[in-house]
Amino acid sequence: MNNEKNTREVAIQLSGVKKMYKLGQIGGGTLTADLQSLWARIRGKEDPNTVIGTDQRLAGKTFMALNGIDLIVYKGEALGIIGGNGAGKSTMLKLLSRVTAPTEGEIDIYGRISSMLEVGTGFNPQMTGRENVYMNGAILGMTKAEIDEKMEDIIEFSEVREFIDTPVKRYSSGMYVKLAFSVAAHLDSEIMIMDEVLAVGDMAFQKKCLDKMRDAAKQQGRTVLYVSHNMNTIRQLCDRCIVLDKGKVVFEGDVEKAIDIYMNRQMNDSTFRDYNDFARPQWLSNTKIKLLEAEFLDKNSNVFDETEPIRLRLKWENLQDVKNVGLRFELWNLEDVAQATYIMYDFYSGEKGQITEMIMEMDASMVMDADYKTYITFFNNSEFGGNTDLDCVPGLCFRKAAKVKENYLIWRPKVWGYIQLPTPKIVSQE
């Protein structure tokens, strides 16, 4: 295996790469924002550019987003990058895309890079879709004639033909993703970098994106780096996978083994989680309510037996006046497939600045013995059965474990599913 690797061409090499951020310091945005922040501090006022919920006590401290990364990616390889929130995945991709520079270490890249780090990255909102295609191609060093040759394929793949001459500021998030992915996939680049590109968009388009990335790696010999929390897409696309944790590579190698390591790290014994400084997903723009804490009560571990209810304490703060807030508590298996959901409708209203604690008790007897991760979402109902999410965070993980008893069959959820149906009635027997 080592001899085989030594004969392959290197596409990307990272040597001792570190990235350090100074939390709460001036110097992370535009000159205008920096002057606003400086003037606010001089007057002893709140920083107008601080993200809501940021802990001001972090000012002056440093955070190592990446802490000594050594990695080689080979040409024609599809590499998966997985890890929990804050592990350093997006930071690594930003370094490779030259959005930011490493604090220490060296990054060698052999080939042109097209990247899609988040919805709308690299697009000028005032320009039309067509104009943005030309701009992205020019950044990659392509001529107008070369871009013209690719334009029809880009428009056809993106499914936004009717809006290609409309300013992209009017696009929905799904349209952004479709055009941005199509641009990255079709323009001439040897390396494609994709960060959660399939988090937005319909299922048919997601499949089309996966097929395109697979074709780029297998047939066209392009190098693909793919970050996702969806383990099934990692399995379908990637040849090799790395697991990041706290800015370090903790595993590099076989995809299935990497996924097992990642999943086991998700299942820790923590019964408490602090969300004060937790980064919310990019698609969540609402700032009405913020979850502060979640905790399993009366437990020294996160293991529940077959009849034991789940008692959960939640603490949240109203960032604005809120009315008729609902709550979803979703149960997912460790392969990112939803299994069951608890819902409370219109259970809460409150004024801006109010901090509330609530203890809820949930019956888990209907779900089978397995490991679960959860998502906690505050929402408002909208017309025709829709809803608007106000806050959404990954919750605590837990294990449902049955007490072993005589004549008991240990359930196999991956084979039989996560729901045990009622015992059939015997109508007749001869």
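Among the residues of the range 324-354, write down those that are free of Cβ contacts under 8 Å to residues at least 40 places away in the same chain and over 19 Å from CYS392 (Cβ atoms).
SER349, GLU351, LYS352, GLY353, GLN354
Only one of VAL255, VAL224, VAL183 is farther than 30 Å from GLU156 by Cβ and assigned by TED's automatic domain parsing to the domain that holds VAL17. Can you tell me which?
None of the others qualify; the one that does is VAL255.
Look through SER97, SER90, SER114 and report the one residue that is over 20 Å from LEU244 (Cα atoms) and among the hydroxyl-bearing types (Ser, Thr, Tyr).
SER114
Free of Cβ contacts under 8 Å to residues at least 40 places away in the same chain, part of a helix (DSSP H, G or I), closer than 27 Å to ARG235 by Cβ and basic (Lys, Arg): does that describe LYS150? Walk me through it before giving the result.
Values: free of Cβ contacts under 8 Å to residues at least 40 places away in the same chain: yes; part of a helix (DSSP H, G or I): yes; closer than 27 Å to ARG235 by Cβ: no; basic (Lys, Arg): yes.
Considered against the rule, which asks whether it is free of Cβ contacts under 8 Å to residues at least 40 places away in the same chain, part of a helix (DSSP H, G or I), closer than 27 Å to ARG235 by Cβ and basic (Lys, Arg), LYS150 comes out as no.
With a cut-off of at least 3 residues that are closer than 28 Å to ALA401 by Cα and not aromatic (Phe, Trp, Tyr), name the strands (runs of 3 or more DSSP E) lying wholly within the range 232-312.
Those strands (runs of 3 or more DSSP E) span 289-296.
Which residue, of ASP245, ASP215, ASP274, ASP254, is without any contact (Cβ under 8 Å) to a residue 60 or more places away in the chain and under 23 Å from PHE398 (Cβ atoms)?
ASP274
If you check LEU66 against the conditions, is it modelled with pLDDT of 65 or more, crowded, with 18+ Cβ neighbours inside 10 Å and in the same structural domain as ASP215 (by TED's automatic domain parsing)?
So LEU66 fits the description; yes.
Please indicate, with yes or no, whether at least one residue in the range 117-126 is within 18 Å of VAL10 (Cβ to Cβ), part of a loop (DSSP other than H, G, I, E, B) and either at pLDDT below 90 or in the same structural domain as SER182 (by TED's automatic domain parsing) (or both).
In the first step, residues of the range 117-126 are kept if they are within 18 Å of VAL10 (Cβ to Cβ); the result is none.
No.
Yes/no matrix, rows are residues, columns are (1) under 17 Å from the mean Cα position of the chain (by Cα); (2) crowded, with 18+ Cβ neighbours inside 10 Å:
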| site | (1), (2) |
| --- | --- |
| GLU162 | no, no |
| LYS169 | no, no |
| LEU179 | no, yes |
| LEU187 | no, yes |
| ILE193 | yes, yes |
| ALA204 | no, no |
| ASP215 | no, no |
| GLN219 | no, no |
| TYR226 | yes, yes |
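Scanning for something in contact (Cβ under 8 Å) with a residue 60 or more places away in the chain, crowded, with 18+ Cβ neighbours inside 10 Å and either in contact with a Ser or Thr (Cβ under 6 Å, 6 or more places away or on another chain) or in the same structural domain as LEU292 (by TED's automatic domain parsing) (or both), does the range 355-368 turn up at least one residue?
Yes, the range 355-368 contains at least one residue that is in contact (Cβ under 8 Å) with a residue 60 or more places away in the chain, crowded, with 18+ Cβ neighbours inside 10 Å and either in contact with a Ser or Thr (Cβ under 6 Å, 6 or more places away or on another chain) or in the same structural domain as LEU292 (by TED's automatic domain parsing) (or both).
Got a number for residues in the range 382-430 being within 20 Å of ASP346 (Cβ to Cβ) and modelled with pLDDT of 85 or more?
5
Determine whether the range 226-241 contains at least one residue that is within 23 Å of ARG313 (Cα to Cα) and among the basic types (Lys, Arg).
Among the residues of the range 226-241, not one is within 23 Å of ARG313 (Cα to Cα) and among the basic types (Lys, Arg), which makes the answer no.
Please give the number of the condition ILE72 fails out of (1) touching an Asp or Glu at 6+ places or on another chain (Cβ under 9 Å); (2) modelled with pLDDT of 90 or more; (3) not aromatic (Phe, Trp, Tyr).
Just one mismatch for ILE72, condition (1).
Among the residues of the range 153-191, write down those that are of a type in the set (D, E, K, R), assigned to a helix (DSSP H, G or I) and free of Cβ contacts under 8 Å to residues at least 40 places away in the same chain.
Step one: list which residues in the range 153-191 are of a type in the set (D, E, K, R), which gives 153, 156, 159, 161-162, 165, 169-170, 178, 188, 190.
Adding the requirement that they be assigned to a helix (DSSP H, G or I) leaves 153, 156, 161-162, 169-170, 178.
Correct list: ASP153, GLU156, ARG161, GLU162, ARG170, LYS178.
Where residues in the range 76-113 are under 20 Å from the mean Cα position of the chain (by Cα) and under 30 Å from ASP165 (Cβ atoms), which of them is surrounded by the fewest Cβ atoms within 10 Å (Cβ to Cβ)?
Among those that are under 20 Å from the mean Cα position of the chain (by Cα) and under 30 Å from ASP165 (Cβ atoms), it is VAL99.
When you scan the range 63-110, how many residues do you find that are assigned to a loop (DSSP other than H, G, I, E, B) and among the aliphatic types (A, V, I, L, M)?
Counting residues in the range 63-110 that are assigned to a loop (DSSP other than H, G, I, E, B) and among the aliphatic types (A, V, I, L, M) gives 3.
The values are calculated or read from the model by the stated rules, or taken from the named source; none is laboratory data. Just so it is clear, the model here is predicted, and its values are computed rather than measured. With ideal geometry, Cβ positions are generated from the backbone for all residues, glycine too; neighbour counts draw on all protein chains shown.
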